[in-house]
């Protein structure tokens, strides 16, 4: 993991030299691994061009930080833990895609349980690691060019 040094510019405060982790882990001689959000945005841009006519797709915004009141309200309204990131409807079939970082992302126990339930209900659930893996999975399912 790379680090950067942050210092305070205010002379009235104690000098603060501390090492902060960078936002992206970097291995020697390699490019930073994109965050899931970056891959997700890139995938959405790609899907806007590559999804065949007659296919409906959308992001399911269950993730992200919320205050306790909003989280409680959404749970009362039926929000489920573990719902995949994207849903596709094509030829009467429903497919979900869970997108994780190329490295370091993991499927949570809640996601695994709900993915199993979705499959039992007849849906297809794909899990992809990064943009390239997502495109390959969706092409394999016939959901993009």
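Criterion applied to 32, 25, 52, 21 was being at pLDDT below 90 and exposed (fewer than 12 other Cβ atoms within 10 Å of the Cβ), and the one residue passing it is 21.
Picking from 64, 104, 82, which residue would you name as being within 23 Å of residue 41 (Cβ to Cβ) and surrounded by 15 or more Cβ atoms within 10 Å (Cβ to Cβ)? If you could, list the steps in order and put the result at the bottom.
On the way: 64 fails: surrounded by 15 or more Cβ atoms within 10 Å (Cβ to Cβ); 104 fails: surrounded by 15 or more Cβ atoms within 10 Å (Cβ to Cβ).
That would be 82, the only listed residue that is within 23 Å of residue 41 (Cβ to Cβ) and surrounded by 15 or more Cβ atoms within 10 Å (Cβ to Cβ).
Considering the conditions (1) farther than 30 Å from residue 139 by Cα; (2) at pLDDT 95 or above, residue 73 is excluded by exactly one of them, (2).
The values are calculated or read from the model by the stated rules, or taken from the named source; none is laboratory data. Bear in mind that the values here come from a model prediction, so they are computed numbers and not experimental data. Quick reminder, even Gly has a Cβ in these numbers, built from the backbone with ideal geometry, and neighbours come from all protein chains shown.
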